[in-house]
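A.B. asks: Attaching a single structure in structure tokens format; questions to follow.
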Amino acid sequence: MRFKINLRITPALKDAVDRKMIRAAARAALEHEAAPAPGALTIVLADDGALQRLNRDYLGHNHPTDVLSFPSNETDLETGARYFGDIAISLPRARAQAEARGHPVTAEMQLLVVHGVLHLLGHDHAKAKGKARMWAAQAEILKQLKAPTRG
């Protein structure tokens, strides 16, 4: 195992998700950033209500959002595998954003997965310099995945 990508999907959304594409986007981001292997992360696909609760409970923002990342520094003492953390994505919000931007939902999902993984690996876009680095990495990864990019 180089990277293990765990998926947790709200039952009502299970049929609307391309698991292979999501795992490929996460792996592409991990490999682009030379993340230490072996390693693992979890991606939770849920609805706006779940993302709003997480956003409120952990960040103090009482509104839904498209993606949240919760980095972890855990390492399995027996295997040495690193647990990078958890990413939560709102599938309904991804659909709406894809429609608004005129690209497929799969492209929006790739963007959100890559964005979330970059946050797990320490990227941040709160300041201009960090944003420029993060957006550049994001664009390179999405180009590898042949997905549309946004600035």
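A.B. asks: Looking at (1) aliphatic (A, V, I, L, M); (2) in contact (Cβ under 8 Å) with a residue 12 or more places away in the chain; (3) farther than 16 Å from Asn6 by Cα, which is the one condition that is false for Ala96?
C.D. replies: (2)
A.B. asks: Can you tell me which residues in region 33-70 are under 17 Å from the mean Cα position of the chain (by Cα), closer than 18 Å to Leu112 by Cα and not hydrophobic (A, V, I, L, M, F, W, C)?
C.D. replies: Glu33, Thr42, Asp47, Asp48, Gln52, Asn55, Pro64, Thr65, Asp66, Ser69
A.B. asks: May I pose another question? Residues being in a helix (DSSP H, G or I), farther than 20 Å from Thr106 by Cα and either touching a helix residue (DSSP H, G or I) at 6+ places or on another chain (Cβ under 7 Å) or not hydrophobic (A, V, I, L, M, F, W, C) (or both): count how many of those fall in region 33-59.
C.D. replies: Residues meeting the conditions: 7.
A.B. asks: Let me ask another. Could you list all residues from region 111-133 that are hydrophobic (A, V, I, L, M, F, W, C), at pLDDT 95 or above and assigned to a helix (DSSP H, G or I)?
C.D. replies: Scanning region 111-133 gives Leu111, Leu112, Val113, Val114, Val117, Leu118, Leu120.
A.B. asks: Surrounded by 15 or more Cβ atoms within 10 Å (Cβ to Cβ) and at negative phi: does that describe Thr106?
C.D. replies: yes
A.B. asks: Right, something else. Would you confirm whether any residue within region 42-51 is aliphatic (A, V, I, L, M), in contact with a Lys or Arg (Cβ under 8 Å, 6 or more places away or on another chain), surrounded by 14 or more Cβ atoms within 10 Å (Cβ to Cβ) and closer than 19 Å to Asp124 by Cα?
C.D. replies: yes
A.B. asks: Looking at region 76-92 only, could you name the residues that are out of contact with any strand residue (DSSP E or B) (no Cβ under 8 Å at 6 or more places or on another chain), part of a loop (DSSP other than H, G, I, E, B) and either closer than 22 Å to Ala25 by Cα or modelled with pLDDT of 95 or more (or both)?
C.D. replies: none
A.B. asks: May I pose another question? Return the residue satisfying two criteria in turn: it lies in region 11-23 and is touching a residue at least 40 places away in the same chain (Cβ under 8 Å) and buried (at least 16 other Cβ atoms within 10 Å of the Cβ), and of such residues it is nearest to Ala88 (Cα to Cα).
C.D. replies: Only one residue fits best here, namely Ile22.
A.B. asks: For region 52-81, enumerate the residues that are without any contact (Cβ under 8 Å) to a residue 12 or more places away in the chain and within 18 Å of His125 (Cβ to Cβ).
C.D. replies: Leu59, His61
A.B. asks: On to the next question. Return the residue satisfying two criteria in turn: it lies in region 14-32 and is in a helix (DSSP H, G or I) and acidic (Asp, Glu), and of such residues it is farthest from the chain's Cα centre (by Cα).
C.D. replies: Ranking the qualifying residues of region 14-32, first place goes to Asp15.
A.B. asks: Then there's this: Quick check on region 68-75. Is at least one of its residues buried (at least 19 other Cβ atoms within 10 Å of the Cβ), under 23 Å from Gln138 (Cα atoms), at pLDDT 95 or above and in contact with a strand residue (DSSP E or B) (Cβ under 8 Å, 6 or more places away or on another chain)?
C.D. replies: So far as region 68-75 goes, yes, one or more of its residues are buried (at least 19 other Cβ atoms within 10 Å of the Cβ), under 23 Å from Gln138 (Cα atoms), at pLDDT 95 or above and in contact with a strand residue (DSSP E or B) (Cβ under 8 Å, 6 or more places away or on another chain).
The values are calculated or read from the model by the stated rules, or taken from the named source; none is laboratory data. All values reported here derive from a predicted model rather than from experimental measurement. Counting neighbours? That spans all protein chains shown, and the Cβs are built from the backbone with ideal geometry, glycine included.
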